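Trainee: Structure provided below as structure tokens; questions to follow.
The values are calculated or read from the model by the stated rules, or taken from the named source; none is laboratory data. These numbers come from a predicted model, not from an experiment. As a convention, Cβ positions derive from the backbone with ideal geometry for all residues, glycine included, and neighbour counts pool all protein chains shown. Remember, those area values only see protein heavy atoms, side chains included, never the ligands or the DNA or RNA. Shrake-Rupley method; radii C 1.70, N 1.55, O 1.52, S 1.80 Å.
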Amino acid sequence: KAFMPSVEFHGNTGEIIASKRQSEQTHQLGPVVSGSLSAAPLGLPGKFGYEIGVLFGLTDATPDQTYKAKLEYEFAF
């Protein structure tokens, strides 16, 4: 589980009753890598999780590229 590649998609069509025109909708697609590592080598309980990726805009209303990064520390108490 230390290295898990994937493809991620995010989309927003607007409200269900009145969806936006295609040119106003935001849709992104791109590669993402995630995983988790034990915190034991640092003398801590639990584990560290991460997620890193870049999403590419598929419509004019979407930014060309969006970078994402997430780092978390998980432990039970």
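Trainee: Taking loop as defined by DSSP and a crowding limit of 12 other beta carbons within 10 Å, which GluC sites (Glu not before Pro) in the chain fit?
Mentor: Glu15
Trainee: Give me, ordered by chain and number, the residues 5 or more places off Lys20 or on other chains with an amide H under 5 Å from its own placed amide H.
Mentor: Gly14, Glu15
Trainee: A follow-up question, please. Leu29 to Phe3: FRET efficiency via 1/(1 + (r/R0)^6), r the Cβ-Cβ distance, R0 22 Å, to the nearest 0.05?
Mentor: Working: r = 21 Å, r/R0 = 0.94.
Using R0 = 22 Å, I get an efficiency of 0.60.
Trainee: Another question, if that's okay. How many percent of the accessible area of region 21-73 is carbon or sulfur, using a 1.4 Å probe?
Mentor: Carbon and sulfur together cover 61 percent of it.
Trainee: Considering only DSSP states other than H, G, I, E and B, which chymotrypsin sites (Phe, Trp or Tyr not before Pro) in region 37-76 qualify as loop sites with at most 16 other Cβ atoms within 10 Å?
Mentor: Phe75
Trainee: Further, regarding this structure: Quick one: compute the contact order of the chain, relative version, from alpha carbon pairs under 8 angstrom and 6+ residues apart, as a percent. Please report the intermediate quantities before stating the final value.
Mentor: Numbers: 168 pairs, mean separation 21.7, N = 77.
Relative contact order here is 28 percent.
Trainee: Let me ask you something else. Cα convex hull of the chain: mean projected area in nm², to one decimal?
Mentor: On the way: hull surface 28.3 nm².
If I average the Cα hull's projected area over directions, I get 7.1 nm².
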